[in-house]
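What follows is a set of notes on a single structure, which appears directly below.
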Amino acid sequence: MSQSHVVRMTRAWVLHPDIKSDPLSRAAEPALQEAISLASALPELQVVGSDVVRLPKPQAGMLFGSGKIEEFKSLFQANHVELVLIDGTVTPVQQRNLEKKWSLKLLDRTGLILEIFSDRAATREGVLQVEMAALSYQRTRLVRAWTHLERQRGGLGFVGGPGETQIEADRRAIDLQLSKLRKQLSKVVKTRRLHRASRAKVPYPIVALVGYTNAGKSTLFNYLTGAEVMAKDMLFATLDPTMRSLKTDRGIELILSDTVGFISDLPTELVAAFRATLEEVLSADIILHVRDISHSQSEEQSKDVLSILSDVGVPHNLPVFEVWNKVDQLNEDDLLRLTNSATRLENKFLLCALTGAGVDALITAVESELNSQNFDDALNLNYREGKRRAWLYDQGVVRNETQTEEGFQFAINWSARQKAQFQLV
């Protein structure tokens, strides 16, 4: 009988610094809960405690005051804590000083998100992007020996890495590694372009699912396509875009794309590193913005998503449907209020992706939008262009055909995507 692999759990404590002098600071309790969810996304972490630490302003060398540091030292020792996760930015000096004081490892928000990205990235491109982002992050600080560069899969070595040995990052070695990764990435990106070009030969519209992490995108994707995409109640469950074709009841064929979840305060270098995973969104015909409408911070999460979409260059005129998911978790009063709002507002849909309740109305709206993107056109073909004539009928875009001495005259109704594709037939 084979023994199952046992993952050694690292005991972690989450701290959210609530800095009064920071105008951008988020509501402390929801931010702490999100940080705990982030930590729980790593299977080898066991969160054994958490605290909001209220600070008038951060201390330059230590982040916290000496009294707080001593208080936490006793707390961590009593609870056998091995890793402290700080939900915010920690400078290299603060990290080194706190690790020495507490005799344990420390990870800030960026480091934790990088660790999760590394654990989740499945495609070659995703893995390369994570490594590049991690190296850029490490380049600015004193780092532990970066043994993760030789590792075949999962984790960056921040959690459960090579013990407490710390070394000065060899910048030349990191730059060399970055240069190597960029070359590899450019090859992978070229391959993706080829894949996109071959997909362009199937002129189906693309409908992209976007949303804050854990909003239910993958659950909706799975419900619509029957795909087995990882859909756990976990932050960052999906990191690489997954695409499936879907045929609606009215016979419209489309490509559905599931994307990485967004999160507030995502460091800009990570937004840049993951821009390519949002490429499908840039070429989409419709965006479905999935929101966990039962979440207390749903409005703030929505703003974060729209801000990132704007950052990566999503066109302003692209149709965006808001999908208010998880209605099964609302009380009757909230459900009634939101139902009234959705009725009054355009392109808002209440549904439960888990059960499929409300999905039909969303799909009907998607079909109508895609149909409205079509336009009337006229076309002449000679008798030798039988293949192109067959393509037009195969696409179902012919409204009327008239035979002439030279060939055929067509009244066409099609999309810009289909018209572009016709040039390749």
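If the requirement is being touching an Asp or Glu at 6+ places or on another chain (Cβ under 8 Å), assigned to a strand (DSSP E or B), more than 26 Å from Val260 (Cα to Cα) and modelled with pLDDT of 85 or more, which of these qualifies: Val48, Val52?
Selected residue: Val52, the only one of Val48, Val52 that is touching an Asp or Glu at 6+ places or on another chain (Cβ under 8 Å), assigned to a strand (DSSP E or B), more than 26 Å from Val260 (Cα to Cα) and modelled with pLDDT of 85 or more.
Does Ser74 meet the test of being in a loop (DSSP other than H, G, I, E, B) and either free of Cβ contacts under 8 Å to residues at least 24 places away in the same chain or not assigned by TED's automatic domain parsing to the domain that holds Ala133 (or both)?
no
Return the pairs, sorted by first residue and then second, in which the second residue is of a type in the set (D, E, K, R) and at pLDDT 90 or above, the first residue lies in the range 104-118 and is assigned by TED's automatic domain parsing to the domain that holds Leu75, the beta carbons are less than 7 Å apart, and the residues are 6+ apart or on different chains.
Once the first residue is assigned by TED's automatic domain parsing to the domain that holds Leu75 and sits in the range 104-118, its partners that are of a type in the set (D, E, K, R) and at pLDDT 90 or above give Leu104/Glu82; Lys105/Glu82; Lys105/Glu99; Leu106/Glu99; Arg109/Asp87.
Scan the range 323-353 for residues that are buried (at least 16 other Cβ atoms within 10 Å of the Cβ) and under 24 Å from the mean Cα position of the chain (by Cα) and jot them down.
Keep residues of the range 323-353 that are buried (at least 16 other Cβ atoms within 10 Å of the Cβ), which gives 323-327, 330, 335, 338, 342, 347-353.
Hits for the range 323-353 are Val323, Trp324, Asn325, Lys326, Val327, Asn347, Lys348, Phe349, Leu350, Leu351, Cys352, Ala353.
Within the range 113-127, does at least one residue satisfy the condition of being basic (Lys, Arg) and closer than 15 Å to His16 by Cα?
Looking for residues that are basic (Lys, Arg) and closer than 15 Å to His16 by Cα, one finds none in the range 113-127, hence no.
Which members of the range 371-399 meet the condition of being among the aliphatic types (A, V, I, L, M) and either at pLDDT below 90 or loosely packed, with under 15 Cβ neighbours inside 10 Å (or both)?
Ala378, Ala390, Val397
Quick one: in the range 50-70, which of the residues that are touching a Phe, Trp or Tyr at 6+ places or on another chain (Cβ under 9 Å) and surrounded by fewer than 17 Cβ atoms within 10 Å (Cβ to Cβ) is farthest from Glu34 (Cα to Cα)?
Among residues in the range 50-70 that are touching a Phe, Trp or Tyr at 6+ places or on another chain (Cβ under 9 Å) and surrounded by fewer than 17 Cβ atoms within 10 Å (Cβ to Cβ), the one farthest from Glu34 (Cα to Cα) is Ile69.
Give me the residue from the range 82-102 that is in contact with a helix residue (DSSP H, G or I) (Cβ under 8 Å, 6 or more places away or on another chain) and assigned to a loop (DSSP other than H, G, I, E, B) and, out of that set, surrounded by the most Cβ atoms within 10 Å (Cβ to Cβ). Spell out the reasoning first.
Start the filter on the range 82-102 by keeping residues that are in contact with a helix residue (DSSP H, G or I) (Cβ under 8 Å, 6 or more places away or on another chain), which leaves 84-90, 98, 101-102.
From what's left, assigned to a loop (DSSP other than H, G, I, E, B): 87-90.
Details: Asp87: 26, Gly88: 22, Thr89: 14, Val90: 23.
Only one residue tops the list, namely Asp87.
Enumerate the pairs (first residue in the range 87-102 and at negative phi and touching a residue at least 40 places away in the same chain (Cβ under 8 Å); second residue anywhere and among the small types (Gly, Ala, Ser) and surrounded by 16 or more Cβ atoms within 10 Å (Cβ to Cβ)) with beta-carbon separation below 7 Å, excluding pairs fewer than 6 apart on the same chain, so at least 6 apart or on different chains.
Asp87/Ala31; Asp87/Ala35
Within the range 401-421, take every residue that is of a type in the set (S, T, N, Q) and within 30 Å of Leu318 (Cα to Cα) and give me the one that is modelled with the highest pLDDT. Steps first, answer last, please.
Step one: of the range 401-421, the residues of a type in the set (S, T, N, Q) are 402-404, 409, 413, 415, 418, 421.
Filter once more, so that each one left must be within 30 Å of Leu318 (Cα to Cα): 413, 415, 418, 421.
On the way: Asn413: 90, Ser415: 82, Gln418: 80, Gln421: 76.
For the range 401-421, the residue satisfying everything is Asn413.
If the Cβ limit is 7 Å and pairs must be 6+ apart or interchain, which residue in the range 302-316 that is in contact (Cβ under 8 Å) with a residue 40 or more places away in the chain and over 18 Å from Asp285 (Cβ atoms) pairs with which residue that is outside any helix (DSSP H, G or I) and aromatic (Phe, Trp, Tyr)?
Asp304/Tyr212; Asp304/Phe262; Val305/Tyr212; Val305/Phe262; Ile308/Phe262
Would you say Leu424 is in a loop (DSSP other than H, G, I, E, B) and either surrounded by fewer than 13 Cβ atoms within 10 Å (Cβ to Cβ) or outside the structural domain of Asn222 (by TED's automatic domain parsing) (or both)?
Yes, satisfied.
Is at least one residue of the range 121-128 among the hydroxyl-bearing types (Ser, Thr, Tyr), surrounded by fewer than 21 Cβ atoms within 10 Å (Cβ to Cβ) and modelled with pLDDT of 90 or more?
Narrowing the range 121-128 to residues among the hydroxyl-bearing types (Ser, Thr, Tyr): 123.
Those left that are additionally surrounded by fewer than 21 Cβ atoms within 10 Å (Cβ to Cβ): 123.
Checking the rest, the ones that are also modelled with pLDDT of 90 or more come to none.
For the range 121-128, residues among the hydroxyl-bearing types (Ser, Thr, Tyr), surrounded by fewer than 21 Cβ atoms within 10 Å (Cβ to Cβ) and modelled with pLDDT of 90 or more: absent.
The values are calculated or read from the model by the stated rules, or taken from the named source; none is laboratory data. On a predicted model such as this, the values are computed, not experimentally measured, just so you know. Methodologically, a virtual Cβ is constructed for each residue, glycine included, from the backbone with ideal geometry; neighbour enumeration extends over all protein chains shown.
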